[in-house]
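Worksheet for the structure shown next.
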Amino acid sequence: MASIRFKGITKKFGEFVAVSDLNLEMNDGEFVCLLGPSGCGKTTTLRMIAGLETPTSGQLLIGDRDVTFLHPKDRKISMVFQDYALYPHMNLADNIAYPLKVRGEAEAKRHARAREVADVLKIGHLMERMPSQISGGQQQRTSLARALVYPSEVYLFDEPLSNLDAKLRLEARGFLNHLQRDIGMTAVYVTHDQAEAMALATRVAVMDAGKVVQYAPPMEVYRRPATTFVANFVGSPPMNLLPVEAMIADGALHLEADRVSVAPLPVSRAVAAALKGSSKLTLGVRPEHLSIARGGEANAITGQLFANENMGPEKLVTLERDDAARFTARIFTDEVIALEATVTLGFASEHIHLFDPAGARLPMDGEPA
Amino acid sequence: MTRYLGLYFARIGFSVATALIGVFFALPLVWFIFAPFNPRAELGLSIPDPFSLTNFEAVFQNGFAMRGLWNSLVQSVGGVILVGAGATLASYALSRSPIPGKSLITYILLLFSSVVSGSAAMVPIFLIINGIGLIDTQIAVILVFAGGLLPTAMFILRDFIDSIPKSYEESAMVAGASPVQAFFDVALPVIRPGIVVVVVWAFVSIWGSFLIPFILLRSSEKMPASVAIYSFYSEAGTPIVTLLAAYSLLYSLPVVILYLFVSWKFGFRFFGGIKA
Ligand SMILES: Nc1ncnc2c1ncn2[C@@H]1O[C@H](COP(=O)(O)OP(=O)(O)O)[C@@H](O)[C@H]1O
Ligand SMILES: [Mg+2]
């Protein structure tokens, strides 16, 4: 196992900057998820660790070795590909044992080791089959087995679960989490599914347009999203965001928007600084922190009922406002709730997030910036 | 009712017409199968009576013709090896490397190849081969064929290799394989169906060619079957039908056998790999 360090890594394809000035440190034994929308540069970042892409500039270290220009075969890494990349002309035993074959291991020995790993992954009985003769879930586990069959310093995953159906994906996710607890591998895991990142990561690097916008443990990303982009990407459904007019009066922050009432808030230093140039802020509230207002809430927002979805243990109530902006509440009840055409949602002051006009988080005083 | 009757007759008419066309094309084939066994074969179709192998006896005694079959085999196999190996390596490189304008390279080569194998280039080819002193050698024939067929073979194979995910070799390299190992262990087996197609096509092209060996070779003992077949013409230029028929059958057998072998062994599959 080893740590990974990106020092000012930039990757360009022609003029297009896929990854821009990346500085990241991943500790030994950490499970880091690269999270972001499609095309933001996650795969490119991962492929640079693998050696399948060469950085345009910058330096990459695995452990203490500078691997920036090292061939993949010399990096002591394992990788699970999104399309699994199982060799179609080899049976499962040969597929899983291939890394050992390359290392000159004798056939009997490498097949025994492949079988061992396959048994752990519950595909041991399929060793004679060809990749085309097994299900998608089994193919996924085969590619995982091939990555685990030899000891590596770093394990890389490129959306390994995205080709599985929902139920299998949950199962495989649980298994990966178990594996991580078991062997404590250093892993870099690419996904566009925030739930996967939250479930697996020790730290999440949220990426947008080739840049890392926040790099923090999952709960930190959830509780204190660094930008509106992160707030909008993490959480299911994502955080509700609303532009508001802000002013400071009598030593308190007053927020105003149509059909919204917010109790005066304490003025943090960040807010004070942000309001020097502008009076516009963005207010954010997570759906799970909203409830149907019964009157007397400190803060409330009103709109027309747009949708009322039953999810089993919870309801998703969405209201639509005059400017077509929507606000969703996640209400934990298995009762059926009857709603009028006009709905008011209430929320507590402690659950308010504030962002400046550029989208950066405005921390409360005492909160780590 | 009359409408159905009309359809019915139209259907019959169509079937009769297609049957006639079918017979028209089948006749030469039937002749081709029967005539070699008929000691009195003529250009007309007739059932052999008696069924005999005397035509073949005469053909087997013609040393020039027999050596022709052997020479054809040498030239075809030699050309196929060059085309197969060259096209595989070249198209793999073209498909996987980030050379700018690589499509242009293939297209230009393709353009030149149709010139090389065309009769317009025969004089320059003759002069070049003469210049490097390879006139009247089998190797000259093999080289010219390889040069003429390579671009098309590369074009076909590159398309095929482009359709194979890079992640096969990438996963092999991440697992510790060198690029050469990854090519032989993983890429080559997956590309094989494409190579088979190219090999069969190249073999058939060389086996059937007349002009290039006719121009580049002098001595009769190096001529391939396509040229040697003229030994079954009389001085006056009229074909000796009986022997010609027997020899033609022998001449076509390797190609038929190759097709049968390949379709038994590989099934002429074009796309390998598993669904992602
Ligand atoms: N080989 C390449 N050539 C040109 N552009 C590329 C190449 N690979 C990736 N890109 C571009 O770089 C951007 C980031 O790609 P990628 O890292 O695959 O994104 P992600 O994995 O986050 O979806 C995309 O816009 C993609 O089109
Ligand atoms: Mg990707």
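The values are calculated or read from the model by the stated rules, or taken from the named source; none is laboratory data. Since we're looking at a predicted model, the values are computed, not measured. Positions of Cβ are generated from backbone atoms using ideal geometry, with glycine treated the same way; all protein chains shown enter the neighbour counts.
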Return the residue satisfying two criteria in turn: it lies in region A:22-41 and is within 16 Å of ligand 1 (Cβ to nearest atom) and surrounded by 21 or more Cβ atoms within 10 Å (Cβ to Cβ), and of such residues it is nearest to A:G184 (Cα to Cα). A:V32
Taking region B:135-167, which residues are without any contact (Cβ under 8 Å) to a residue 24 or more places away in the chain and either away from chain A (no Cβ under 14 Å) or buried (at least 23 other Cβ atoms within 10 Å of the Cβ) (or both)? B:D159
Could you list, in sequence order, the residues of region B:50-69 that are of a type in the set (D, E) and within 17 Å of B:S234 (Cβ to Cβ)? none
Here are the criteria: (1) within 16 Å of ligand 2 (Cβ to nearest atom); (2) within 28 Å of B:L188 (Cβ to Cβ); (3) in contact with a helix residue (DSSP H, G or I) (Cβ under 6 Å, 6 or more places away or on another chain). Tell me which single one A:L46 does not satisfy. (3)
Provide a single number: the residues in region A:35-80 that are in contact with a strand residue (DSSP E or B) (Cβ under 7 Å, 6 or more places away or on another chain), over 28 Å from A:Q138 (Cβ atoms) and of a type in the set (G, A, S). 4
Being surrounded by fewer than 16 Cβ atoms within 10 Å (Cβ to Cβ), under 33 Å from the mean Cα position of the chain (by Cα) and either more than 8 Å from every other protein chain (Cβ to nearest Cβ) or farther than 24 Å from A:D119 by Cβ (or both) narrows A:D83, A:D74 down to just A:D74
One residue is enough: does region A:64-81 have a residue meeting the conditions farther than 17 Å from A:A187 by Cα and within 16 Å of ligand 2 (Cβ to nearest atom)? no
Test set (1) of a type in the set (S, T, N, Q); (2) touching a Lys or Arg at 6+ places or on another chain (Cβ under 7 Å); (3) farther than 15 Å from A:A205 by Cβ; (4) within 16 Å of ligand 1 (Cβ to nearest atom) - A:T44 fails condition number: (3)
The lone condition B:I108 fails out of (1) over 18 Å from the mean Cα position of the chain (by Cα); (2) within 14 Å of chain A (Cβ to nearest Cβ); (3) not charged (D, E, K, R) is (2)
So which of A:A112, A:A85, A:A108 ends up being within 28 Å of A:L170 (Cα to Cα) and assigned by TED's automatic domain parsing to the domain that holds A:Y155? A:A85
Those residues of region A:144-163 which are away from ligand 2 (no atom under 16 Å from the Cβ), within 11 Å of chain B (Cβ to nearest Cβ) and touching a Leu at 6+ places or on another chain (Cβ under 9 Å), in sequence order: A:R146, A:A147, A:V149, A:Y150, A:Y155
For region A:174-211, give me each residue that is small (G, A, S), assigned to a loop (DSSP other than H, G, I, E, B) and within 15 Å of ligand 2 (Cβ to nearest atom). A:A209, A:G210
Complete set of residues in region A:155-202 that are in contact with a Pro (Cβ under 9 Å, 6 or more places away or on another chain), within 16 Å of ligand 1 (Cβ to nearest atom) and more than 24 Å from A:R223 (Cβ to Cβ): none
State all residues of region A:298-355 that are surrounded by 13 or more Cβ atoms within 10 Å (Cβ to Cβ), assigned to a strand (DSSP E or B) and among the charged types (D, E, K, R); if no residue qualifies, say none. A:K315, A:E320, A:R326, A:R330
Of all residues making up region A:1-22, the number that are more than 13 Å from A:T68 (Cα to Cα), assigned to a strand (DSSP E or B) and without any contact (Cβ under 8 Å) to a residue 60 or more places away in the chain: 3
Flagged in region A:258-274 as assigned to a strand (DSSP E or B) and buried (at least 17 other Cβ atoms within 10 Å of the Cβ), in numbering order, are A:V260, A:L265
Going through region A:56-71 in order, the residues found to be within 14 Å of chain B (Cβ to nearest Cβ) and either away from ligand 1 (no atom under 16 Å from the Cβ) or under 19 Å from the mean Cα position of the chain (by Cα) (or both) are A:I62, A:V67, A:L70, A:H71
Return the residues of region A:10-21 that are at negative phi and either within 12 Å of ligand 1 (Cβ to nearest atom) or modelled with pLDDT under 95 (or both); say none if nothing qualifies. A:K11, A:K12, A:F13, A:E15, A:F16, A:V17, A:A18, A:V19, A:S20
Test: A:E171 is surrounded by fewer than 16 Cβ atoms within 10 Å (Cβ to Cβ) and not in a helix (DSSP H, G or I): no
Inside region A:322-331, can you point out the residues that are at pLDDT 90 or above and not small (G, A, S)? A:R326, A:F327, A:T328, A:R330, A:I331
Expected output for region A:43-63 (first residue in the same structural domain as A:P160 (by TED's automatic domain parsing) and at positive phi, partner within 16 Å of ligand 2 (Cβ to nearest atom) and not aliphatic (A, V, I, L, M), Cβ below 9 Å, 6+ apart or cross-chain) is A:G58/A:K11
Restricting attention to region A:31-55, which residues are within 14 Å of another protein chain (Cβ to nearest Cβ) and not in a loop (DSSP other than H, G, I, E, B)? A:T43, A:T44, A:L46, A:R47, A:M48, A:I49, A:A50
